[in-house]
Amino acid sequence: MLAHMSEAGLEQKYIKEAFDTNWVVPLGPNVNGFEKDLEAFVGENKRVVALSAGTAAVHLALLNCGVKPGDEVIVQSFTFCASSHPITYLGATPVFVDSEKDSWNMDPELMEEAIKDRIAKTGKKPAAIVPVALYGMPYQIDRIMEIANRYDIPVVEDAAEGFGSRWNGQVLGTFGKYGVLSFNGNKMITTSGGGALVTANEDEWREIMMYATQYRESYPYYQHEKIGYNYRMSNICAGIGRGQMTVVNDHISHHKHVQALYEELLKDVKGITVHGNPDSRYDSNFWLCTITIDENVKIKGQENAYKAIVTGAVGGRCWCDTCCNKCAYRL
Ligand SMILES: Cc1ncc(COP(=O)(O)O)c(C=O)c1O
């Protein structure tokens, strides 16, 4: 899960170029180049906007879906908080939908039940739907899109963990109105921190670009006709991204190799099930390999693990001055 740079050191080459040419700003050749690399990778004639974080991508996607105060947004319950926090940034309310057994991702039937329930109870359909490729595993996007289209609700694919995962051969993030990618330090590729939004067409791309750059109009003076955000990716971070794009396929192959090792090594271990692709439509990047353990399986010496009270640092912030590398922050 730690960042791996290319052996050729291309990340540093692109960063050096940025310094040498004084493009030390949140725009420039590396940002443009990284976006072009991402567009070539995801295919489907999509446009991509590089942003400061995947969370920013979720935020701008929902904003551009028209989510506003008082709305409800359907989101997968089994996910990282960043899938749902931006819903509340916009004054809307998340409606959490549980997962199906096979993919561990949003159950399309429960999703439709939730849509019907909200229409019956509030008289209004949810403003957007956010399925999540948890641990890289694809969601049943054809079922989700069919239902979403029937109710005319936009889909924001949270593929932050699923960069390079495919459904029926097509890269995740390219099915819905928007696709969210993350390049945080622990993701399939990294820009140290960063994200991107995959958009359907030129108009959507332009609008997202405006929101990501304070909605500044293209006049020789400062004019802002809407409230925007400072969400553009730095040219330094994008340099790391360009280097990482030269090894993205190697990273994905490596994760798949690790998954295959787990499947092989654990195949005869009673009580342990490795979570694999449910069928041939799913092609997970196996960003994180996961297992389920039968309730009656206990680890020697850890029989009371679930009764233990967690103490010490948990969460995303280390409070010490000199990191000891022992706390949960290192995860
Ligand atoms: C499912 C999911 N959505 C969104 C994000 C947000 O990405 P970022 O950390 O780049 O803001 C993450 C990762 O951190 C994630 O795992």
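The values are calculated or read from the model by the stated rules, or taken from the named source; none is laboratory data. The structure presented is a predicted model; accordingly, all values stated were derived computationally and were not measured. Virtual Cβ from ideal backbone geometry, glycine too; neighbours counted across all protein chains shown.
Matching residues to (1) farther than 24 Å from residue 186 by Cα; (2) surrounded by fewer than 20 Cβ atoms within 10 Å (Cβ to Cβ):
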| site | (1), (2) |
| --- | --- |
| 44 | yes, yes |
| 60 | no, no |
| 67 | yes, no |
| 73 | yes, no |
| 80 | no, yes |
| 107 | yes, no |
| 128 | yes, no |
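Scanning the range 260-293 for residues that are closer than 23 Å to residue 305 by Cα and surrounded by fewer than 16 Cβ atoms within 10 Å (Cβ to Cβ) returns 266, 269, 270, 271, 272, 273, 291, 292, 293.
If a residue counts only when it is under 15 Å from the mean Cα position of the chain (by Cα), which strands (runs of 3 or more DSSP E) contained entirely in the range 27-110 have at least 3 such residues? Passing ranges, in order: 47-51.
Here is a yes/no grid of residues against (1) part of a loop (DSSP other than H, G, I, E, B); (2) of a type in the set (D, E, K, R); (3) touching a residue at least 60 places away in the same chain (Cβ under 8 Å):
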| residue | (1), (2), (3) |
| --- | --- |
| 117 | no, yes, no |
| 138 | yes, no, yes |
| 150 | no, yes, no |
| 156 | no, no, yes |
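Against the definition (away from the ligand (no atom under 16 Å from the Cβ), within 25 Å of residue 289 (Cβ to Cβ) and surrounded by fewer than 20 Cβ atoms within 10 Å (Cβ to Cβ)), how does residue 116 come out, yes or no? No: the conditions fail for residue 116.
Restricting attention to the range 135-150, the residues that are surrounded by fewer than 21 Cβ atoms within 10 Å (Cβ to Cβ) and either acidic (Asp, Glu) or within 13 Å of residue 75 (Cα to Cα) (or both) total 2.
Of everything in the range 195-209 that is touching a Phe, Trp or Tyr at 6+ places or on another chain (Cβ under 7 Å) and within 16 Å of the ligand (Cβ to nearest atom), the residue that is nearest to residue 150 (Cα to Cα) is 198. Within the set 228, 243, the sole residue that is crowded, with 19+ Cβ neighbours inside 10 Å and either of a type in the set (Lys, Arg) or touching a Phe, Trp or Tyr at 6+ places or on another chain (Cβ under 9 Å) (or both) turns out to be 243.
Could you tell me whether the range 248-259 includes any residue that is among the basic types (Lys, Arg), assigned by TED's automatic domain parsing to the domain that holds residue 24 and touching a residue at least 12 places away in the same chain (Cβ under 8 Å)? Within the range 248-259, none of the residues are among the basic types (Lys, Arg), assigned by TED's automatic domain parsing to the domain that holds residue 24 and touching a residue at least 12 places away in the same chain (Cβ under 8 Å). Is there a residue being of a type outside the set (Gly, Ala, Ser), more than 19 Å from the chain's Cα centre (by Cα) and outside any helix (DSSP H, G or I) anywhere in the range 6-18? Within the range 6-18, one or more residues are of a type outside the set (Gly, Ala, Ser), more than 19 Å from the chain's Cα centre (by Cα) and outside any helix (DSSP H, G or I). When the range 174-194 is filtered for residues that are under 10 Å from the mean Cα position of the chain (by Cα), near the ligand (Cβ under 10 Å from one of its atoms), under 19 Å from residue 138 (Cα atoms) and not charged (D, E, K, R), the ones remaining, listed by number, are 180, 181, 182, 183.
From the set of residues in the range 151-205 that are within 19 Å of residue 255 (Cα to Cα) and in contact with a Pro (Cβ under 8 Å, 6 or more places away or on another chain), which is surrounded by the fewest Cβ atoms within 10 Å (Cβ to Cβ)? Checked the range 151-205; the qualifying residue surrounded by the fewest Cβ atoms within 10 Å (Cβ to Cβ) is 166.
Residue 186: at pLDDT below 95 and either farther than 17 Å from residue 41 by Cβ or part of a loop (DSSP other than H, G, I, E, B) (or both), yes or no? For residue 186, the condition - at pLDDT below 95 and either farther than 17 Å from residue 41 by Cβ or part of a loop (DSSP other than H, G, I, E, B) (or both) - is met. Of all the listed residues (285, 249), the sole one being part of a loop (DSSP other than H, G, I, E, B) and not hydroxyl-bearing (Ser, Thr, Tyr) is 285. Which one of these does residue 222 not meet: (1) more than 11 Å from the ligand (Cβ to nearest atom); (2) under 16 Å from the mean Cα position of the chain (by Cα); (3) outside any strand (DSSP E or B)? Unmet for residue 222, out of (1) more than 11 Å from the ligand (Cβ to nearest atom); (2) under 16 Å from the mean Cα position of the chain (by Cα); (3) outside any strand (DSSP E or B): (2).
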